[in-house]
1. What's the longest bit of chain A with no exposed trypsin sites (Lys or Arg not before Pro), using DSSP loop states and at most 15 other Cβ atoms within 10 Å as the test?
2. Return the calculated 222 nm mean residue ellipticity for chain A, to the nearest 500 deg cm²/dmol, obtained by summing -39500 (n - 2.57) across DSSP H runs with n ≥ 4 and dividing by the residue count.
3. Projecting each Cα onto the charge dipole of the range A:253-497 (Lys/Arg +1, Asp/Glu -1 at the beta carbon, about the Cα centre), which of A:Ser454, A:Val280, A:Leu349 comes out farthest on the positive side?
4. Can you tell which of A:Cys109, A:Phe264, A:Phe35 lies farthest toward the positive end of the dipole of chain A, using +1 and -1 charges on the Cβ of basic and acidic side chains (Lys, Arg; Asp, Glu)?
5. Quick one: grab the alpha carbon gyration tensor of the range B:90-239, order the square roots of its eigenvalues as a ≥ b ≥ c, and give me rounded if a/c is under 1.5, else prolate or oblate depending on whether a/b is larger than b/c.
6. Considering Cα pairs under 8 angstrom that are at least six residues apart, work out the relative contact order of chain A and quote it in whole percent.
7. Over all residues in B:114-121, what is the mean tally of Cβ atoms on other chains that come within 10 Å of each residue's Cβ?
8. Pop the C-beta distance of A:Glu363 and A:Glu384 into the FRET formula with R0 = 22 Å and round what comes out to the nearest 0.05.
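None of the figures in this text is laboratory data; all of them are computed from the coordinates on show. No experiment lies behind these values; they were computed from the predicted model shown. Positions of Cβ are backbone-derived with ideal geometry, glycine not excepted, and every protein chain shown enters the neighbour counts.
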Amino acid sequence: MIEFKQVSFTYESGGRESGLSNINLTIRDGEFVLFCGSSGCGKTTLTRLINGLIPNYYEGRLEGSVLVDGINVSGVPLYDMAGIVGSVFQNPRSQFFNVDTTGELAFGCENLGLPADEINRRVTRTSAELGLNPLLNRSIFALSGGEKQKIACGSVAALEPHIYVMDEPSSNLDVFAVEDLRALLAYWKAQGKTVVIAEHRLYYLHELADRVIYMENGQICKEFSGRDFSAMKRSDLYDLGLRVLSLEELRKLAIGQTNKSSSFLSFSDFYFTYPNGSEVLDIHKAAVPEGAAVAVIGHNGAGKSTFARCLCGLEKKCRGSVKINGQTLLQKQRLKNCYMVMQDVNHQLFTESVLDEVLISMEQEEQNLAEEILEGLDLLQFKEVHPMSLSGGQKQRVAIASAVASSRRIIIFDEPTSGLDLQHMKEVARNLRSLSERGNSLFIVTHDPEFILSCCTHIIQVEKGQIAENYPLDECGIEKMLGYFLDAPREQADSKRKQKVV
Amino acid sequence: MDTAAPGKNTAARIPLDPRTKLVMLLAVNIVLLGGGFSGISVIIRPMLAFLPFILLLSEKKYGKSVMYFIFIGAALSCEGFLVGRTQGLLNLLLVIFSGLNTRFVPGLVMGYYVVSTTKIAEFIAAMERLHLPQSIIIPFSVMLRFFPTVRAENSAISDAMRMRGIQAGGKRPGALLEYRLVPLLMCTVKIGEELSAAALTRGLGKPVKRTNICSIGFGAADCFFLVVTTCALLLWAVF
């Protein structure tokens, strides 16, 4: 049982992370509780109080007490909670202590000093239960995001905790990996484990949740039973700033937007192979309307990222060409005419102030023009601020501003909405629409159908390195795109079931 | 975006104990940094310089091993044959080229081999067998864990710089180092922080005797490499 008694917390570092005030809450054993709310509502802070990272790791002022199985969490060292509460975090890149998968599964048990036989038994059992056998003895760096998250869950499960605490575990996952995560959570629930999960994506969770807690400004604002929550209307959810509960719902939301441009942006001879032979790109000819916002969808490992990198000219060995506006762009020219807003924008902000960031991108540095661009993206008030001190969404806008300043015509976004709540997702969509209006061609690698519907006009689906589908997002296209996102996970689950039977 | 080489298997082809690898790393560095091309060094230095080549080959890193072989072969032959027979500026250039490369490159390549083939768990187990205290083992194991992370982050930053045309010959070349280091530090600090949090919630630092399930220990290959390197080191030191 988890009990919060009159809990308030403020982070010492201040910053953007919001604290909590006056939380009273009891979570029974075996309960599945979902925390939702916009970014900064305090749901992450709440998970940190349960696993003891607050106040043992993140410091601040804590009032009241948090009891887990009657133990006051703040009074015991973190390692004593390790066998009771298992934690899975948001970023699959930064959860691993080992560089090999098997070592990672055993890591927690080794720390607790369990006998070697027992650890081997647990690792074998956990990997059988969670279907991790194909991933054993691999390098962590060779895994996809979804596979990493599975190993993270396995590593925690090997400790056999009876409470699982998860902080936005699906942020970096595609629909297929989310489906696997859902199955795993259902399994833990069936085992009678307590699951506490903070999340933005709700469609895969609401049917599992016994209770849904909506938070705002560090307080518990509303509580629903799982059933009531599932029955909520979309408009009510949107009022709370929450994402859709089922992808089916999106059908009603859909507004067909297509791009009426008559000229085309065409690709030819995009061939690329990594030196070790994996991940190939093999596009002979393809064309999309010029000035379209093209969503690039497809399975993980289908070649979407490779396509984006080749399009940007980042892969020297991809000799293909892009024709836009009657001009042919080869690799080196693409490097000058395309701009990629990366998934982790921290990799592409270099200077000391937001204004500098824009100026350095210009051929001729013009302060007025730079300020105009910043104004357009709602960044002018931050022009003297260090980009690294901004929030994630603001950083993304700075990257967009520098793309605009460098007058690139093709702008590529690599999963711009991973881990964003409704409000921030809409903000990104708005920015993209305004880029479209300026006449830029946009390519957006994404797994987010809600986002696609809010700003894209065209779809290309990449599978096995080829463009499997290429269609405008008209009524028919919307149906097709939603079909892909709705059916694919089901098909995957079916084929897995068949494999098991065989 | 995942920039690391996919499909890499971490199991080493010749299973060497981390302690053997460390002894070899030390031997290569001591002998080659020491320099000199007289007496027994004529045999010992090239021998140890080719050790990383053999090890990389055993890991099936053919491209890298062949490149290293050609490069270090050229540098060593320069030092051995050409330096004594040239004069003036050419001589100076050759001395600098061969001197620097034969001294530092083998050590670096050897280090690369050790880092890329040693699992963290093996490393920790080996250090514990040597009875080193936790306060040394944990920071060193974190460091080992961090090399590939820093490399992945660095390559993502390089891509971003190329895309924005921020490079030598571009705008503000003086600030290049700063432009690279600031994001690199920010990213690695953030990853480090999240990594520690994840490790602590899984019981790292519990004051009990830590278990190790990976089997380390000396095998035939270890004996062979240990004997060869120790002999080489001793001969080099004595003569």
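1. Formally, the longest exposed-site-free interval is A:29-232.
2. -10500 deg cm²/dmol
3. Result: A:Val280, furthest along the dipole toward the positive end.
4. Of A:Cys109, A:Phe264, A:Phe35, it is A:Phe264.
5. On the way: a/c = 2.96, a/b = 1.13, b/c = 2.61.
Oblate shape, in that a/c is at least 1.5 and b/c is the bigger or equal ratio.
6. Working: 977 pairs, mean separation 75.4, N = 502.
Result for chain A is 15 percent.
7. Mean partner shielding for this stretch: 4.
8. Efficiency at R0 = 22 Å is approximately 0.40.
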